[in-house]
Every structure is written in structure tokens, then in C-alpha cells.
1. Mind checking the angle between helix B:14-24 and chain B's longest principal axis? C-alpha axes, 0 to 90 degrees, to the nearest 10.
2. Can you give the mean number of other chain Cβ atoms that lie within 10 Å of the Cβ atoms in peptide A:217-225?
3. Which cross-chain or sequence-distant (5 or more) residues have an amide H under 5 Å from the amide H of residue B:133, H modelled 1.01 Å from N in plane?
4. Given a cut-off of under 8 Å on Cα pairs at least six residues apart, what relative contact order in percent is computed for chain B?
5. Under a GNM of chain B (C-alpha, springs under 10 Å), which listed residue has the highest mean-square fluctuation: B:58, B:119, B:37?
6. For the pair residue A:108 and residue A:81, how long in nm is the line joining their label points, each one 7 Å along Cα→Cβ?
7. Sort the range A:32-149 into rounded, prolate or oblate with this rule: let a ≥ b ≥ c be the square roots of the eigenvalues of the Cα gyration tensor; rounded if a/c is under 1.5, and if a/c is not under 1.5, prolate when a/b is larger than b/c, oblate otherwise.
8. Taking the convex hull of the alpha carbon atoms in the range B:14-134, what volume per residue do you get, in Å³?
Amino acid sequence: MIWRTALSVTWRGDGATVARNVVVALAAAAVTLVACAATSAVFMVHGVNERAAARAFQLVESGETADLSTDVTYDSIRGEQIFVHYWRIETDGVMIPGVPPDATVGDWFVSPELQQQIGRDHLLAGRFPGARIIGEDGIGSADELVAYRLVGPEVDLRWRLSNVAGSEHIGLDAGVTVIDVAIGATGLVVVFGTGLLRAAFGPVSTGLRRRLALLHALGATRAVQQLVAAAGIAVSAAPPAAAAALAW
Amino acid sequence: MVFQFGELLPELNVAENVSLPLRLRGERPDDALVQGMLEAVGLGRPGAWPAQLSGGEMQRAAVARALVTRPAVLLCDEPTGSLDAANSEQVASLLLEVARHSAATLVVSTHDPAVAKRMDESWLLTDDGLRRLHS
């Protein structure tokens, strides 16, 4: 019976109630989109950091045993820089992040974005012949332009690395922590959501307030009044929120 | 409490409206009690919707709703204000009857002198204050 009353309050056809439902629906959809975006940002940064950690190495001093040797040069395509890393595996069983274990000397590997550019430019394809794609754990972000080539002992490489997480990154560091993004995202959702829901409860809620006043006069506790109000809001907000989540 | 326009909830039928104060208190309504209240106010259509009732019937249902919790004081805000003379007379009689029957104190605000005269005691509220009309 309480639920029926809540539904009735929500679905009354008077202008003020319709206006309120529209505001609540828009607020719910907007808050859901912001929440989805914020959640995605947190997961994205978390993924970027994890991948960055996987690509972090420790420089080793001369005389110490290195797992990998590397050097980097730069190429460019239409003004965009391509990081070209040359690698040599010094210890059996160690592999570069994103490169399959069957990789052999002379193989090229390129990031997904660079692979797409190669597909549109046959001259570029000639610079990275037979290139395979670097796995997700070997790239920092989807738009990164990176190429790897495995080389033999005849090539002199400047940097010697141990396969231990350290200060050296392949590609760019994430630069942002998950905590930073999570705090920012939560703040955005709270501020945005509160503002919009306050608007939804504002001057267009006369019908709801009148009904709650009647229920109060009939003996409804504050909890019951809040339940009726919340159920009414939920009925208006749930469909647009679900639609927004699906659209995202 | 009885309001001027009954204020029945349109989404609930008569019996549900009458039992609503009990439900709002978290009590499980006793069907016999609700039926008894409806009989006491002379309403024989517990399943009817408020939109199907006349003004007088709505006020009867509102009186039954106000009495279902067995209040010590029954407050009535212009209970006959929206009714024609015949219905006004019937509702006033009903209020007096049920108040006496349930031993509740009946407090009525009204603009209708005929209703005021039927009360045990009546006061006139003017800009100059309260003045006792009769007791």
C-alpha cells in the first residue's frame, strides 16, 4: 500500500509532477553518466599504472648481470614521434612486456595505434616489415606510437636492465595515481549529483510535499515519509539511470 | 483528523484509506475493525475508489479513517465546508454520534452556524479574540 502511494505520487499527471519527473530523470541520467565516466577513469588509470609497473626496470651497473639491454631511437610520422626500442634478451626466460615468448632476433613489434597507421601507409609498413602487435601489457595507452625490435649481440645497446621493477620505464609513466583520480571522480559525482538532486527536490515538488504532509497528518513517521519520497524518486530515476548506464 | 475535502488517497480504495493510519503506525489492520468503522459511518462499499464516491460519502470515509486509531481527540477542519446542506447535516450528525459512541472529544472548526449550534460548546473566533457562543 505504501509502495502504491509512492507510485501514485510519482505518476500523477499534473504539470508540476511531470516537471519534477523530467528533472529527476535528467538528473539521474546525468549523475549516472558522470559516475560511469568517473569509474572508467579510475579503472583506466589503474590499468595504465599496472602496465607502467610491468614496464618498469632497474638499471644495472657495469659488471653486474643484466637481463635485458636496450636503446631507444626516434622516428616520426606526420609530425608525431615514434619511440623505437631496440632490445636484446640477455637472460633466458626473460621477455619484454607485451612481446610473445616465441619472438626471435630481427622481429619487429609495434603498438596497436602504430599498426593502424601502418595499415594506412605502405611507406610506413616498409619501415617495420612483418611487424606483430605489442600486447596490452606492453603499452601505456591506446594512442601510443611505439615499436620494438629484437637485435643480436652485434648491436651495441647503451642501457642494461635487470628484470626488477625500478625507475626506468619503457614508454611514458602514468603520472597520475589511482587515489588522485578516485578522489577527483568521487568529488565530481557527489557535487554534481547533489546539485542536480537538490534541483529535483526544489520548487517543482509541491505535489510530493503536499502528499507527505497528508501522510504526516495521518500519523506517518518520518521514516515512512522518507520511504515514500525515496520510492517515488527511485521510480522516476531508475529507468533513465539504467538507460544512461547502458548507453555508456 | 478530518479535513475539509476528505483528502482520501485516490490510489487506495475506501477500506484501504480507512486502514491507512494503522498501516502507517506499523500495525496490521483488523478487517473486522475496518468493516465496523465503515458500518458505523454508514458506508457499505469498502472496495469503491474515492473517485466513485459522492462528497458526503468521501467525508464519511474520512471520518472512519480518523476514528480507526481510536483517538482521544477528533480534530475536524471544516468537515462540512465542501458539502451541500443535506450532506452537511448528515456528516455533522455522524461526527456527534461517533464521538459520543467512542468517547472521543470532538473539536470542529466551521463557518456553518448550524453545525456550531449542535456542539456541546461553541466559541466564535474573531479579530477581537474568542467569544463563547453557548455551552
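Laboratory data are not the source of any read-out in this text; all were calculated from the coordinates shown. Only a predicted model underlies this, so the values are computations on that prediction, with no experimental measurement involved. Ideal geometry is used to build each Cβ from the backbone, glycine not excepted, and the neighbour counts take in all protein chains shown.
1. In chain B, helix B:14-24 runs at an angle near 90 degrees to the longest axis.
2. 5
3. Correct list: B:122, B:123, B:124.
4. Details: 201 pairs, mean separation 34.7, N = 135.
Over chain B, the number comes to 26 percent.
5. Evaluated over chain B, the most mobile residue of the options is B:119.
6. With each label point 7 Å from Cα toward Cβ, the separation is 2.1 nm.
7. It comes out oblate by the Cα gyration axes.
8. Details: hull volume 14.0 nm³, N = 121.
Measuring per residue, one finds 116 Å³ for the Cα hull of the range B:14-134.
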